[in-house]
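Asks: Sharing a structure with you now.
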Amino acid sequence: MRIGLISDTHIPTAAKELWPQVYDAFRGVDLIMHAGDLMVPEVIDWLAEVAPVMAVWGNGDFRGWQRTVPPDDPRLSEAKVLTVGELRIGLVHDLQLPEHPPLRTLDGQMNHYFRGPVDVIVRGSTHAAEITELKGVLIVNPGSPTFPNHQSTRLGTIGFLEIEDGVAKPSIVQLM
């Protein structure tokens, strides 16, 4: 299974629409996971023309952007879990790292968002692409395709998860 990863698209504030390079890169994926800060739910519709989409809202989807509550769209929620065989993949916008025990721990956040442990967490919020591991959990942030590193509107990054035989292999792609 090949999953496309995207976050922090910030449409229409970062750009009027997604770059064509996003669609080109995602052609052939089995699923697209959007880790929040879409700004407008229509982004789900646009991506769904390429592959099915699983999406969560981010803080930018309702704070400081024409609304004070999450968008009223049944396709969006605070967090989601995708199970592929024995592999559990959690999708959330803002995973608070680093940990600050005892109040904020990875285990506590997994229980809060995903109702238990997951093997992989796809997150957004920072606009910085990152692949890391913490306590045996693979954490992938695809960055932002439109506003990377909170610096300026330009081509940024997306990510992929290749799942084979119960193993997730992440990658980050700089859009060109």
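The values are calculated or read from the model by the stated rules, or taken from the named source; none is laboratory data. Treat the numbers as computed from the prediction; the structure is a model and nothing was measured. Neighbour counts run over all protein chains shown; Cβ positions are idealised from the backbone, glycine included.
Asks: Search the stretch 131-163 for residues being assigned to a loop (DSSP other than H, G, I, E, B) and in contact with a helix residue (DSSP H, G or I) (Cβ under 9 Å, 6 or more places away or on another chain), and hand back the single one that is nearest to I11 (Cα to Cα).
Replies: Selected residue: T146.
Asks: Cβ-Cβ below 9 Å, separation at least six or inter-chain, first residue in the stretch 75-87 and at positive phi and of a type outside the set (K, R), second part of a strand (DSSP E or B) and buried (at least 16 other Cβ atoms within 10 Å of the Cβ): which pairs?
Replies: G85/I163
Asks: I'd like the residue in the stretch 106-124 that is surrounded by fewer than 21 Cβ atoms within 10 Å (Cβ to Cβ) and touching a helix residue (DSSP H, G or I) at 6+ places or on another chain (Cβ under 9 Å) and, out of all such residues, is farthest from I3 (Cα to Cα).
Replies: The qualifying residue farthest from I3 (Cα to Cα) is G116.
Asks: Also, quick follow-up: Give P142, P148 a once-over and let me know the one that is at pLDDT below 95 and either touching a Leu at 6+ places or on another chain (Cβ under 8 Å) or surrounded by 19 or more Cβ atoms within 10 Å (Cβ to Cβ) (or both).
Replies: P148
Asks: Taking P170 as the residue in question, decide whether it is assigned to a loop (DSSP other than H, G, I, E, B) and in contact with a strand residue (DSSP E or B) (Cβ under 8 Å, 6 or more places away or on another chain).
Replies: It is false that P170 is assigned to a loop (DSSP other than H, G, I, E, B) and in contact with a strand residue (DSSP E or B) (Cβ under 8 Å, 6 or more places away or on another chain).
Asks: Let me ask something else about it. Report, by residue number, each residue of the stretch 1-12 that is outside any strand (DSSP E or B) and in contact with a His (Cβ under 8 Å, 6 or more places away or on another chain).
Replies: Result: S7, D8, T9.
Matching residues to (1) farther than 20 Å from V92 by Cβ; (2) surrounded by fewer than 17 Cβ atoms within 10 Å (Cβ to Cβ):
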site	(1), (2)
E17	yes, yes
V22	yes, no
L31	no, no
I44	no, no
V50	yes, no
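Asks: List every residue pair whose Cβ atoms sit under 8 Å apart, with the two residues 6 or more apart in sequence or on different chains, where the first one lies in the stretch 128-149 and is closer than 24 Å to G166 by Cα and the second, anywhere, is part of a helix (DSSP H, G or I) and of a type outside the set (V, I, T).
Replies: Pairs found: A129/P148; L134/L106; K135/L106; K135/D107; V137/L106; V137/M110.
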